[in-house]
1. Does region 290-301 contain at least one residue that is in contact (Cβ under 8 Å) with a residue 60 or more places away in the chain, more than 30 Å from His464 (Cβ to Cβ) and either of a type in the set (Phe, Trp, Tyr) or not assigned by TED's automatic domain parsing to the domain that holds Gly389 (or both)?
2. Regarding region 478-493, can at least one residue be identified that is part of a strand (DSSP E or B) and buried (at least 20 other Cβ atoms within 10 Å of the Cβ)?
3. Would you pick out the residues in region 44-71 that are outside any loop (DSSP other than H, G, I, E, B) and free of Cβ contacts under 8 Å to residues at least 24 places away in the same chain?
4. Of all residues in region 522-538, count the ones that are of a type in the set (A, V, I, L, M) and assigned to a helix (DSSP H, G or I).
5. If you go through region 258-303, how many residues are under 30 Å from Thr235 (Cβ atoms) and not in a loop (DSSP other than H, G, I, E, B)?
6. Could you grab me the full set of residues in region 119-164 that are more than 30 Å from Gln106 (Cα to Cα), assigned to a helix (DSSP H, G or I) and in contact with an Asp or Glu (Cβ under 8 Å, 6 or more places away or on another chain)?
7. Has region 220-233 got any residue that is among the acidic types (Asp, Glu), touching a Lys or Arg at 6+ places or on another chain (Cβ under 9 Å) and not in a helix (DSSP H, G or I)?
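The values are calculated or read from the model by the stated rules, or taken from the named source; none is laboratory data. What you see is a predicted model; the values in this text were computed from it and never measured. Don't worry about glycine lacking a Cβ; one is built from the backbone with ideal geometry, like all the others, and counts go over all protein chains shown.
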Amino acid sequence: MVAFNSVTKQQGSRILFSQASFQINPGEKIGLVGPNGAGKTTVFRLIMSEESVDQGTISKPDKIRIGYFSQNIEEMKGRSVLQEVLSAGNLESIKNEIAKLEEKLQDPELGEDEMMRVVERYGDLQGEFESMGGYDLDSRAQEILGGLGFSKEDMQIDVGKFSGGWKMRVSLSKILLLLPDVLLMDEPTNHLDVESIVWLEEWLKEFKGSVLMTSHDREFMNRLVTKIVEVSQGTMTTYGGDYDFYDREKAIRREQLIAAAARQDDMLAKEEEFIARFAARASHAAQVQSRVKKLEKIDRIEVPIEDKAMAFEWPAPPRGGDEVVKFQNLTKVYKLDDGREKQVFANATGLVKRQDRVAVVGINGAGKSTLLKIITNQTDSTAGSCNVGPSIEYGYFSQNSLDVLDPKKTIVQEVEGRVPNATLGFIRNLLGSFLFSGEEVEKKISVLSGGEKSRVLLACILSHPVNFLVLDEPTNHLDIKSREVLLNAIKTFPGTVMMVSHDRFFLKEITTKVFEIDKSQLTTYDMTYSEYLDFKKSRGETAAR
């Protein structure tokens, strides 16, 4: 359906990929993976003809319909959310033209030749409109918006009043509404909560077209894709399977490549030793010359440098009390701008014990982040008590806390300000473990990406020996490899963890206890996240992810 044929693409002096080939077949769900900056987004832009190849070709049928969801969203305002989604593609104008053609066909004075042209055009438009699901547009638009978290009331509000994250959901809804033949999706799960991710997952499973997508959500990829295309080190490599298969197979292929390179090195060393020993002897001239020519023809096996990923060790924390956090009858009520009150949760009671790994779950807006803010003194409760145990030192991470980073400072100055007694060597080693090395540590906070800011903040938290980690969406903006290193670090963290996350793989790997906030009530489940999901399913209940 869409094929890269020996494509080479250069960006400045850097070759993103050379002689790259892969194919998107009808109905395939493909994951596009690779380190940041490898060229994944460029692949999408090439398919959309937003950029051109330097060598090779990209072939696709003339009438193919391709939908592209990117992180760059257009300006949206002046229409309701529902109207904005219904404006997707050319559906409204097609609908209007069909209506005009129907009127024209009623004209008794229409000539035979003109009628044939009208009938042909009418048939083409009707087929296109039907293939795009045009006859049930309104209901499908509402279904998609509902799945991505919009209420009926939200759908009637001016789209310009929503935040960038919610506008992303509107943009995604517009692409899904079009039902394209090929769906290109660049990080579709960014800005989505778990409920919306699960809904999108089910929608894509039922989608009949092809999908090529990037995602930092490992579980999302595993549940959908049957092929992986990796862009890395200037090459493209295809793996037949989900992300877990790719991860295992890549490691196996690398070990095989290392072994083959070692065998080749041994052979080359022996040949070069023979040439050096007998080069001056006339009696061995023919043999020497033969081996020199042989070496010239050999393709040297190169083992690519492994992609960098975060690696860090926790400083030994002080030992805190057995009861880390205890809250009783905790209630939180917010006052709205119009004077009304909104109850977030009421009479919440819970206990976090030493070395617990607690997942706080609930639908978007249930109060998960609010609970963490009360525990870390970021906000006050309306009623009830919340007591942090003796000798508990916490490290708090949230997306909002990224704002505390000083945009005027460099990375090294920011961390240095948090640990004034630390040596520059300690700070540079700490930043090196978070992928900031050499001159990178002199970059200003103001120019960093969301993922880079997250790594700086995690480094700041790590610079102090804490025994209680409170993490609100710590994996946002981190790629899969960085998430896995953070996951392994949390697994080895000797203290207590309390976390909100929409990364289901992350939660399944670390959780020992679940706090569920649902309909303003908090329920404690003394079980892993996987056991919690199974328990809710066995009772015919929906898990508050």
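1. If we filter region 290-301 for residues that are in contact (Cβ under 8 Å) with a residue 60 or more places away in the chain, which is where we start, we get none.
No.
2. no
3. If we filter region 44-71 for residues that are outside any loop (DSSP other than H, G, I, E, B), which is where we start, we get 44-47, 55-59, 66-69.
Of everything in region 44-71, just one residue is outside any loop (DSSP other than H, G, I, E, B) and free of Cβ contacts under 8 Å to residues at least 24 places away in the same chain, namely Arg45.
4. 1
5. Residues of region 258-303 that are under 30 Å from Thr235 (Cβ atoms), as a first pass: 258-272, 292-303.
Next cut, not in a loop (DSSP other than H, G, I, E, B) only: 258-272, 292-297.
So the answer is 21.
6. The answer is Leu145, Val159.
7. Within region 220-233, one or more residues are among the acidic types (Asp, Glu), touching a Lys or Arg at 6+ places or on another chain (Cβ under 9 Å) and not in a helix (DSSP H, G or I).
Here's the yes/no breakdown for (1) under 20 Å from Thr511 (Cα atoms); (2) surrounded by fewer than 18 Cβ atoms within 10 Å (Cβ to Cβ):
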| residue | (1), (2) |
| --- | --- |
| Thr331 | no, yes |
| Asp337 | no, yes |
| Phe345 | no, no |
| Gly350 | yes, no |
| Lys353 | yes, yes |
| Ile374 | no, no |
| Asn377 | no, yes |
| Tyr394 | yes, no |
| Leu402 | no, yes |
